[in-house]
1. Considering only residues that are assigned to a helix (DSSP H, G or I) and out of contact with any helix residue (DSSP H, G or I) (no Cβ under 6 Å at 6 or more places or on another chain), which ones fall in the stretch 132-148?
2. So GLN213 fits all but one of (1) in contact (Cβ under 8 Å) with a residue 24 or more places away in the chain; (2) surrounded by 12 or more Cβ atoms within 10 Å (Cβ to Cβ); (3) over 18 Å from the mean Cα position of the chain (by Cα); what number is the exception?
3. Which members of the stretch 93-137 meet the condition of being buried (at least 19 other Cβ atoms within 10 Å of the Cβ), more than 12 Å from the chain's Cα centre (by Cα) and either over 19 Å from VAL161 (Cβ atoms) or among the charged types (D, E, K, R) (or both)?
4. Return the pair list, or none, for Cβ contacts closer than 7 Å from residues in the stretch 146-164 that are in contact (Cβ under 8 Å) with a residue 24 or more places away in the chain to residues that are part of a loop (DSSP other than H, G, I, E, B), at least 6 apart or on different chains.
5. Under 7 Å by Cβ, and 6 or more places apart or on different chains, what pairs join a residue from the stretch 192-203 that is surrounded by fewer than 16 Cβ atoms within 10 Å (Cβ to Cβ) with one that is of a type in the set (A, V, I, L, M, F, W, C) and in a helix (DSSP H, G or I)?
6. Identify all residues within the stretch 162-199 that are of a type in the set (S, T, N, Q) and either in a helix (DSSP H, G or I) or under 18 Å from MET140 (Cα atoms) (or both); write none if there are none.
7. Just to be sure, is ALA54 free of Cβ contacts under 8 Å to residues at least 40 places away in the same chain, among the aliphatic types (A, V, I, L, M), under 30 Å from ARG162 (Cα atoms) and in a helix (DSSP H, G or I)?
8. Please verify whether the stretch 64-74 includes one or more residues that are in contact with a Gly (Cβ under 6 Å, 6 or more places away or on another chain) and either more than 20 Å from TYR166 (Cβ to Cβ) or in contact (Cβ under 8 Å) with a residue 12 or more places away in the chain (or both).
Amino acid sequence: MMQIREQLQSMAEPAYRNFAARLLPGIPVQRILGVRLPKLRRLAKEIAQADWRAFCDGPSGDSLEEVMLQGMVIGAAPMPLEEVLERVRGFLPRIDNWSVCDSFCAGLQAAKRYPEPFWELSLACLDSPMEYVVRFGVVMLICHFKDLSHLAPAMERLQQVRSGAYYVQMAVAWAVSAYFIAYPDQTAPFLQHSRLDAVTYQKAVQKICDSRQVDPAVKRQVRAWQKQKSAQQSCG
């Protein structure tokens, strides 16, 4: 592990460390080395092609990059379904910020090979009391299940998420907007009659209206739904 730590320190950039710290207000700057994601991904790929089990099973450091690297190696290493599910579940409690969560989700190649078990895992995570486990479930939907066949059940489950945690609300808003931008006609009924909390709904609408992929007329309609929802909440 010391060798990996030394490699990471050699890749670190003080200026990038300060930049990353501003994006992760809950993480002490002392935990951040300042290594850019492309460099981490390259190192993870190298480890995944070598003795990756020794790396994953060995002592792990607690810097942002060491935790992130472990997640990337789990995502890239070749392993059977049961093992990858076990390692994913074991890694989830280590996630304590959006950056580790989202990079882990994006790099989980096994979700492409085994879509059904990871779909079930993602939905199960939405019921967790842990903020970043829920965010993991939501971001997995965006990264691996943003297709027409999963749209209706995903939107239904997203509307059942009840969390006042900021990074959960932002992830749900991101997911809803991503589905809408990709499939506006199919997602419109869910958005029009949304059961999302007010904060999440407002953020989803904002993301949709900020997108250059959405027609101005559609944006006007989405804003009209938002006004209607706000009026209903005021009356309620």
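1. Pass one, the stretch 132-148, residues assigned to a helix (DSSP H, G or I): 132-144, 148.
Matches in the stretch 132-148: LEU148 only.
2. Every listed condition holds for GLN213 apart from (2).
3. ALA110, ALA111
4. LEU148/TYR183; LEU151/TYR183; ALA154/PHE145; ARG157/LEU126; GLN159/SER194; GLN159/ARG195; GLN159/LEU196; VAL161/LEU126
5. GLN192/TRP225
6. Going residue by residue through the stretch 162-199, those that are of a type in the set (S, T, N, Q) are 163, 169, 177, 186-187, 192, 194.
Listed by number, the residues that qualify are SER163, GLN169, SER177, GLN186, THR187, GLN192.
7. Details: free of Cβ contacts under 8 Å to residues at least 40 places away in the same chain: yes; among the aliphatic types (A, V, I, L, M): yes; under 30 Å from ARG162 (Cα atoms): no; in a helix (DSSP H, G or I): yes.
It is false that ALA54 is free of Cβ contacts under 8 Å to residues at least 40 places away in the same chain, among the aliphatic types (A, V, I, L, M), under 30 Å from ARG162 (Cα atoms) and in a helix (DSSP H, G or I).
8. So the first thing to find is which residues in the stretch 64-74 are in contact with a Gly (Cβ under 6 Å, 6 or more places away or on another chain), and the list is 72.
Among the residues that remain, those that are also either more than 20 Å from TYR166 (Cβ to Cβ) or in contact (Cβ under 8 Å) with a residue 12 or more places away in the chain (or both) are: 72.
Scanning the stretch 64-74, I find at least one residue that is in contact with a Gly (Cβ under 6 Å, 6 or more places away or on another chain) and either more than 20 Å from TYR166 (Cβ to Cβ) or in contact (Cβ under 8 Å) with a residue 12 or more places away in the chain (or both), so the answer is yes.
Read-outs: derived from the displayed coordinates by stated rules, not from any lab. For clarity, every value in this text was computed on a predicted model and none was experimentally measured. When we count neighbours, we look across all protein chains shown, and the Cβ atoms used for this are built from the backbone with ideal geometry, even at glycine.
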